[in-house]
Amino acid sequence: MNARPQIGGIRSSFAPWEDPAARPLVRFEGVSKTFGDTVAVKHVDLAIYEREFFALLGPSGCGKTTLMRILAGFETPDAGRIVLGDQDLSAEPPHRRPVHMMFQSYALFPHLNVAQNIGFGLRRQGVPKAEVASRIEEMLALVKLEGLGRRRPDQLSGGQQQRVALARAIAPRPRILLLDEPMAALDKKLRDETQFELMALQQDLGLTFMIVTHDQDEAMVLADRIAVMRDGEIVQIGRPADVYETPVDRYVAGFIGDVNLFEGRMEAAGDGRVRLHATEGVFEADGIATPGNTGWLAIRPEKITVHSQRPPPGGNQLAGRLLDYGYLGDWTTYLVEIAPGRTVRAARANATRTDDQPLGCDDPVWLTFAPSSAVMLTK
């Protein structure tokens, strides 16, 4: 038996959206939805490809769950349509769509045991009894719950309940599986473990997954692509690394991870870089300048180096005092005051067990970062 290929290797080469000849599995075409005076979704165009793990990411009320419910058939759009393959889903009720949804609450039937919960959808579809039994056993093995088929949901841990809900959702073999905040009820350690299990399961099944989440870390780990939403619109779509490293605006930069922003007047610096004249100093970053206009330099905390001694002149530098710091085990974060009321956050990986240059609160420090580590934003 061949070993499963590494997930990272699969994902790094998987990019059907870059192939002009590739046809999406699901297309949202001009989809809009309002509830009274509230606009939940605004003219959304979106393409999701077969075998893709796609994430809708955004804060509460941004429209991501509404978009998923429209695909599932639980909401009807006011305008636009959704096409799956060659099938317009507009007139199809939820139970006739090749789409299944795993709810945040898991929605397991308390009076049914694990096996009966998993086989519920199959029995509703009229699948022969022998095939139902065979597929239940297949699903139990797939989600590593062999021998637990006779237990009730209240006899399972939270992680086991989630696996039952997942097995029930994939047992009918939908063309796309929708996941609504599926790990919100799990503790951090179990959530971290489950994320990689879910990725491996998706690869084994060859299914298309679409997840709705407000957890940036979860979306970054799981997804092939992320669509960041705000006020019913998609602001940016891209691979996790692209969205994180090259956000299109300050909203995306601030929503995906931590970021420091410096506002100032832009001028061209040559070699694909922009010089920013800010209150805190003059900095350079990658980008295309609009000379004289306002810009914002964005720099992630982990790309800033903290020095206890003044570094040689050159590059992007800031002087300040250490206001506070937090030891997180794998990382140490620093809060540095560079002017009264103005702070910058930096982070350092703890690669060794000891700190050769320990810093204390109120110590003078210097911050440096490379122009190539920063990005210039114009909105």
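The values are calculated or read from the model by the stated rules, or taken from the named source; none is laboratory data. If you're wondering where the values come from, they're calculated on a predicted model, not measured in any experiment. Cβ: placed from backbone, ideal geometry, glycine included. Neighbour counts: every protein chain shown.
Some notes on this structure:
- Subset of the stretch 331-379 [touching a helix residue (DSSP H, G or I) at 6+ places or on another chain (Cβ under 6 Å) and among the aromatic types (Phe, Trp, Tyr)]: Phe369
- Of all the residues in the stretch 94-109, those that are at pLDDT below 85 and among the aromatic types (Phe, Trp, Tyr) number 2.
- None of Gln195, Gln236 is in a helix (DSSP H, G or I) and surrounded by fewer than 22 Cβ atoms within 10 Å (Cβ to Cβ) except Gln195.
- Filter result (outside any loop (DSSP other than H, G, I, E, B) and of a type in the set (Ser, Thr, Tyr)) within the stretch 308-342: Tyr325, Tyr327, Thr332, Thr333, Tyr334
- Scan of the stretch 173-192 for residues that are more than 22 Å from Trp17 (Cα to Cα) and surrounded by 18 or more Cβ atoms within 10 Å (Cβ to Cβ), ordered by number: Asp180, Glu181, Pro182, Met183, Leu186, Arg191
- For the stretch 357-376, taking the residues that are in contact with a Lys or Arg (Cβ under 8 Å, 6 or more places away or on another chain) and without any contact (Cβ under 8 Å) to a residue 60 or more places away in the chain, the one that is surrounded by the most Cβ atoms within 10 Å (Cβ to Cβ) is identified as Val365.
- Contacts under 9 angstrom Cβ, first residue in the stretch 35-58 being within 21 Å of Phe209 (Cβ to Cβ) and not assigned by TED's automatic domain parsing to the domain that holds Leu205, partner modelled with pLDDT of 95 or more and small (Gly, Ala, Ser), 6 or more apart: none
- Residue that is surrounded by 13 or more Cβ atoms within 10 Å (Cβ to Cβ), touching a strand residue (DSSP E or B) at 6+ places or on another chain (Cβ under 9 Å) and farther than 26 Å from Gln161 by Cα, where the choices are Val44, Val99: Val44
- Within the stretch 295-323, being exposed (fewer than 12 other Cβ atoms within 10 Å of the Cβ) and in contact with a Phe, Trp or Tyr (Cβ under 9 Å, 6 or more places away or on another chain) holds for Gln309, Arg310.
- Failed condition for Leu46, given (1) under 24 Å from Leu205 (Cα atoms); (2) at pLDDT below 95: (2)
- Test result for Ala72, touching a helix residue (DSSP H, G or I) at 6+ places or on another chain (Cβ under 9 Å), at pLDDT 90 or above and aliphatic (A, V, I, L, M): yes
- Those helices (runs of 4 or more DSSP H) of the stretch 34-144 in which at least 3 residues are among the hydrophobic types (A, V, I, L, M, F, W, C) and under 25 Å from the mean Cα position of the chain (by Cα), considering only elements entirely within it, cover 64-72.
- Options Met229, Met183: the member that is in contact with a Cys (Cβ under 8 Å, 6 or more places away or on another chain) and assigned by TED's automatic domain parsing to the domain that holds Gly85: Met229
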